[in-house]
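Peer 1: Here it is: the structure, laid out below.
The values are calculated or read from the model by the stated rules, or taken from the named source; none is laboratory data. Note that this is a predicted model, so its numbers are computed, not measured. Cβ sites come from the backbone with ideal geometry, for glycine too, and all protein chains shown count toward neighbours. Protein only, heavy atoms only, side chains kept; ligands, DNA and RNA dropped before computing areas. Shrake-Rupley method; radii C 1.70, N 1.55, O 1.52, S 1.80 Å.
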Amino acid sequence: MTKRIVDYVLEEWLRSQTDSGSREPAKLKVTWQHRVQYAVGHAIHDYFTLEPAVRIHTPIQVLLNRRWPRSKAAFKDSLHYWQVYNVIVAQLTRITGELIYEYPLALYESWETKVKELDRHLSVIFQAVWPSRLGPHQVKVQKFLVENNEELVKAFVHTAHVFWHSAYGEPPGEIEVFALLDDRKYVFTREMLDLQKSLDYVLLLAETWDAQNAAEQADKREGKADCQAPLGT
């Protein structure tokens, strides 16, 4: 059975390894970052599914407010809550304003391909894919992160490169990653991408996750067996 690489699973695992705090798996704890990322994703999707004539009269802040976290409990304090909100609103307003008349090719779609070099299926959620001005057969792939995390940026760039080359026989024209709270934009053109480096990176990341996950499952089975062992053994 061919193994699958799922981008959001690896992303959550990688985030848990790079966070400075607890090493608990990220899926066990919903943070303010998760809640803000959820609101951002839906706002971008809702905004760009509108026709340009409607976008002009629909501030993205209105769409963001639909799913913005109501509770401040997960944030450091009330000031932090409003600081994050104001920065996100400003960043999304600026970014979407530059694309107000553009039509995306895809929004938050999950795509899958077989990567023969890795003998694995690769599943990736692409947040936004746009026609590129670099040429009719090229595209611009975008990702929106709440906070700047260079390991997540690297992982997405290599994963998107491997996916695109496997599915379409060439790299995307551009890959853009926005770190909203840090006002940072990473831009990678196809000339900057090396296929073998991307393949090596994705394989190493997947194998490391596989090994850690297998070890955790083995520990759980061992712990369960110890609990079930008769007293006195």
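Peer 1: Among the residues of the range 167-186, what is the count of those that are open to solvent by 60 Å² or more (accessible area, probe 1.4 Å) and over 23 Å from His121 (Cα atoms)?
Peer 2: Residues in the range 167-186 being open to solvent by 60 Å² or more (accessible area, probe 1.4 Å) and over 23 Å from His121 (Cα atoms): 4 in total.
Peer 1: A follow-up question, please. Scan the range 145-156 residue by residue and report those that are in a helix (DSSP H, G or I), touching a residue at least 40 places away in the same chain (Cβ under 8 Å) and open to solvent by less than 40 Å² (accessible area, probe 1.4 Å). Spell out the reasoning first.
Peer 2: Residues of the range 145-156 in a helix (DSSP H, G or I): 150-156.
Of the ones still in play, those that are also touching a residue at least 40 places away in the same chain (Cβ under 8 Å) are 151-152, 154-156.
Across the range 145-156, the qualifying residues are Leu152, Ala155, Phe156.
Peer 1: Please name all residue pairs, on different chains or six or more residues apart, with Cβ atoms under 6 Å, provided the first residue is in the range 198-218 and is open to solvent by 50 Å² or more (accessible area, probe 1.4 Å) and the second residue is assigned to a helix (DSSP H, G or I).
Peer 2: Taking only residues 6 or more apart or on different chains, the pairs are Trp209/Leu10; Trp209/Trp13.
Yes/no matrix, rows are residues, columns are (1) assigned to a loop (DSSP other than H, G, I, E, B); (2) open to solvent by less than 80 Å² (accessible area, probe 1.4 Å); (3) farther than 18 Å from Leu107 by Cβ; (4) in contact with an Asp or Glu (Cβ under 7 Å, 6 or more places away or on another chain):
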residue	(1), (2), (3), (4)
Leu50	yes, yes, no, no
Val54	no, yes, no, no
His57	yes, no, yes, no
Leu63	no, yes, no, yes
Arg70	yes, no, yes, no
His80	no, yes, yes, no
Asn86	no, no, yes, no
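Condition check ((1) more than 30 Å from Arg55 (Cβ to Cβ); (2) modelled with pLDDT under 90; (3) surrounded by 17 or more Cβ atoms within 10 Å (Cβ to Cβ)) across all residues:
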position: Thr2; (1), (2), (3): yes, yes, no
position: Ile5; (1), (2), (3): yes, no, yes
position: Tyr8; (1), (2), (3): no, no, no
position: Trp13; (1), (2), (3): yes, yes, yes
position: Thr18; (1), (2), (3): yes, yes, no
position: Arg23; (1), (2), (3): yes, yes, no
position: Gln33; (1), (2), (3): no, no, yes
position: Val40; (1), (2), (3): no, no, yes
position: Ala43; (1), (2), (3): no, no, yes
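Peer 1: Just to verify a result, which residue in the range 101-136, among those that are exposed (fewer than 13 other Cβ atoms within 10 Å of the Cβ) and not in a strand (DSSP E or B), is nearest to the chain's Cα centre (by Cα)?
Peer 2: If we take residues in the range 101-136 being exposed (fewer than 13 other Cβ atoms within 10 Å of the Cβ) and not in a strand (DSSP E or B), then Tyr103 is nearest to the chain's Cα centre (by Cα).
Peer 1: Sort out which residues of the range 173-197 are touching a residue at least 40 places away in the same chain (Cβ under 8 Å) and not β-branched (Val, Ile, Thr), and write them in order of number. Before the answer, list the steps.
Peer 2: Pass one, the range 173-197, residues touching a residue at least 40 places away in the same chain (Cβ under 8 Å): 173-174, 178, 180-181, 183, 189-190.
Passing the criteria: Gly173, Glu174, Phe178, Leu180, Leu181, Asp183, Arg190.
Conditions (1) in contact with a helix residue (DSSP H, G or I) (Cβ under 7 Å, 6 or more places away or on another chain); (2) modelled with pLDDT of 95 or more, marked per residue:
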| site | (1), (2) |
| --- | --- |
| Leu64 | yes, yes |
| Ala74 | yes, no |
| Leu79 | no, yes |
| Val89 | yes, yes |
| Glu112 | no, yes |
| Glu117 | yes, no |
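Peer 1: Could you tell me whether the range 173-185 includes any residue that is of a type in the set (Lys, Arg) and either part of a helix (DSSP H, G or I) or modelled with pLDDT under 90 (or both)?
Peer 2: Just the residues of the range 173-185 that are of a type in the set (Lys, Arg), to begin with: 184-185.
Narrowing further to those that are either part of a helix (DSSP H, G or I) or modelled with pLDDT under 90 (or both): none.
No, there is no match, as no residue in the range 173-185 is of a type in the set (Lys, Arg) and either part of a helix (DSSP H, G or I) or modelled with pLDDT under 90 (or both).
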